[in-house]
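All remarks here apply to the structure that follows.
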């Protein structure tokens, strides 16, 4: 599957395409399939996202998981500062990333 | 240290307003990201892995306590309570919002700081010896020359769209603590036979994917021609540096392809022409800047410490460096606690370092390219009081220049260019050696880790270097041996196939053990490596 | 093509500029266009006959044209020096400092943004091809 990701223009935060909007949480991401380029162009032109691009992902335990570690680190935050990730209290998140 | 006059302040304030205007036009959609990117980069603002990252310039690594307090306040107000000191003596913040960046810059400008030209294809912040003005072995304080060049290079109209970034370092002693020959231009202040001060120019060094050691292209440029000669070096580069391939666009490639002799000939020709153009500031300007760097009022005092506390004695032995005044030392505050993130400091730690600088170091601090902080002028008599307060707040790690004093780039935890994480490797290595107790026996051993080929972690120049690569989506680490960024500059060699994250920690210990087994009396790791070569290490690693 | 913005009072040259190569071949032209890879110094023997030099910026990130401009001004060229191509409002102040006195940008510049950009910098740190007085000169008493 293909996820569409980018950064919020104002805050720089990593965001994921939910089918109708952008979310901070990869759990909300949907498969953009072959529409990824089209959506990316439209959303960037409207400045709802900055630098969007598609990433390859798989479904694992019902949740989308990017194939490349770089995108998994982007999705949650630095592995060396669990306190600054989106899931500071979840002891399993590191296993999901690495 | 340097103090802005109304002109300098006006320049920085103007850039804040210009950037505020550029940011507004970007947010309103009047600038595309492609147009805005070089503008924000030239003000140190990247779009990184998790957010915008802002790199703040610390010119030649020198700060006062007010500035360090301001950096701490910025970490709290605009970021997440910490900052990262970099291998070019700057500080960067990882979680900046574009819409707040202009206000942040305005806060910086209030303490005579900025983010001007900390990225982009222009002349970057000029680095220098972190012990400048304090070192026992320096000819003069190199910082006035760096400041002269800072002003010359700021908003230089001709060199605002160079083929690639351009880094300059200025030193003034034969011991090179600034990796001078691994810069686009390395400048050493020297004396000629007549006893006059001048500058030797080394051009075309660099790390990155094609590391090169800069050749000396002129051994003496008179001080009153420093700007003209720099301008000539840059003009030849701006006109003829390659623009067809980003990876061949640095000046090292130009110098290499032309040959140092031909490059030098072109520079000399341009220099002869520029001497008639009236672009050189008068020597009075250099003298004005020099007065800002006058020595503080050093006093007499004890020349030794009470060594009855072994922890304190160890810290003194490891983390203090001889000063030009006998009653003083330069004290290094390690930002490399065992298992910590190299170069990171919390806002609270920055505030503490600022307070200690005010109390014990004539209000001065330095950022080292090795990602530590220096209090340059500490009275030997004050060392115990200083250490006690550092140690209480986790800043007393006694590991300067040891295997635990690791340079590491932010790597894949923060950087969108990285292929592998650097920080976890640094953490595991420092934990390993703290636990096995070999740090002391290993002595001086400079270990440097980069998370990609761009080499921000200086892996080519480590006695032991580690380069993170991406092998089919898995992080993999290559080991290099024999690099040095000091006056005995050399580039490390790759030992062979790479290692996993845990494997590289074992490999470093294996290499360290070869040294411990093979060393002759008085040899550092690097000396032994140079004497016995890479084979015994390969044998132990792969044999 | 957007209109030409000029900072000089003489009549503009009304015919197209020729390439550096053809200018050097046929010596009667008075308008020439310098591309980033051209050596502006080849024009120096002929600057007396030139009334217009266009310096092309095919992409704003290619800064060779800044050096070409300064080299011509340093050689005494006083005809029109026009930046053409991918000229953005954020670069015109630098271009003015390198000696450009006319602009022909691919995309029209907003007049308010242009004025703001030109008025932006009250001071400058270094000497270049314009007549502005650097900060170091003001500091040391020259009027």
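Under 8 Å for C-alpha pairs, at least 6 residues apart: give me the relative contact order for the range B:152-201, rounded to a whole percent.
After rounding, I find 26 percent.
If contacts are Cα pairs under 8 angstrom and at least 6 residues apart, what is the relative contact order of chain C in percent?
23 percent.
From largest to smallest, what semi-axes in whole angstrom does the range B:449-543 give when each is the square root of 5 times an eigenvalue of its alpha carbon gyration tensor?
22, 16, 9
What does the range A:2-97 give for Rg and for Dmax, in Å, if only its C-alpha atoms count?
Answer for the range A:2-97, Rg first and Dmax second: 13.1, 39 Å.
For peptide B:236-246, compute the average count of partner chain beta-carbon atoms within 10 Å of each residue's beta-carbon.
3
With a Cα-only, solvent-free Debye model of chain C, what are the log10 I(q)/I(0) values at q = 0.15, 0.16, 0.17 Å⁻¹?
-0.75, -0.85, -0.94
Quantify how strongly other chains surround peptide C:129-139 by giving the mean number of their Cβ atoms within 10 Å of each of its Cβ atoms.
4
If you count, for each residue, the other Cβ atoms within 10 Å and average over each peptide, how do B:236-242, C:126-132 line up from highest to lowest? Display every interim value, and only then the final one.
Details: B:236-242: 22.6, C:126-132: 18.0.
Taking the mean over residues of other Cβ atoms within 10 Å, the ranking is B:236-242, C:126-132.
Per residue of B:34-40, count partner chain C-beta atoms within 10 Å of its C-beta, then hand back the mean as an integer.
Other-chain Cβ atoms within 10 Å of each residue's Cβ, averaged: 3.
In whole percent, what relative contact order does chain B give with Cα contacts below 8 Å and a gap of six or more residues?
Reported relative contact order: 13 percent.
Given the C-alpha centroids of the range C:62-84 and the range C:107-136, what is the distance between them in whole angstrom?
The distance from the Cα centre of the range C:62-84 to that of the range C:107-136 comes to 16 Å.
Using the Cα gyration tensor of the protein assembly as shown, with a ≥ b ≥ c the square roots of its eigenvalues, what is the shape: rounded (a/c below 1.5), prolate (a/b larger than b/c) or oblate (neither)?
Cα axes put the protein assembly as shown in the oblate bin.
May I ask for the distance between the Cα centers of the range B:305-329 and the range A:1-53, given as a whole number of Å?
56
Using the Cα gyration tensor of the range B:1-102, with a ≥ b ≥ c the square roots of its eigenvalues, what is the shape: rounded (a/c below 1.5), prolate (a/b larger than b/c) or oblate (neither)?
On the way: a/c = 1.94, a/b = 1.30, b/c = 1.49.
The shape class here is oblate.
Of the listed peptides B:196-209, B:160-173, what is their order by residue-averaged count of other C-beta atoms within 10 Å, with the highest listed first?
By packing density, highest mean first, the sequence is B:160-173, B:196-209.
In whole Å, what is the distance between the alpha-carbon centres of the range B:493-543 and the range B:145-160?
Measuring centre to centre over Cα atoms gives 43 Å.
Let a ≥ b ≥ c be the square roots of the eigenvalues of the Cα gyration tensor of the range B:164-245; is it rounded (a/c under 1.5), or, if not, prolate (a/b larger than b/c) or oblate?
Taking the square roots of the gyration eigenvalues as a ≥ b ≥ c, the range B:164-245 is oblate.
Expressed as cubic angstrom per residue, what is the convex hull volume of the alpha carbon set of chain B? Before the final figure, lay out each step's value.
Working: hull volume 84.9 nm³, N = 543.
Hull volume over Cα atoms, normalised by residue count, gives 156 Å³.
We did not get these values from a lab; they are worked out from the coordinates using the rules stated. Quick caveat, the model's predicted, so the values are computed rather than measured. Methodologically, a virtual Cβ is constructed for each residue, glycine included, from the backbone with ideal geometry; neighbour enumeration extends over all protein chains shown.
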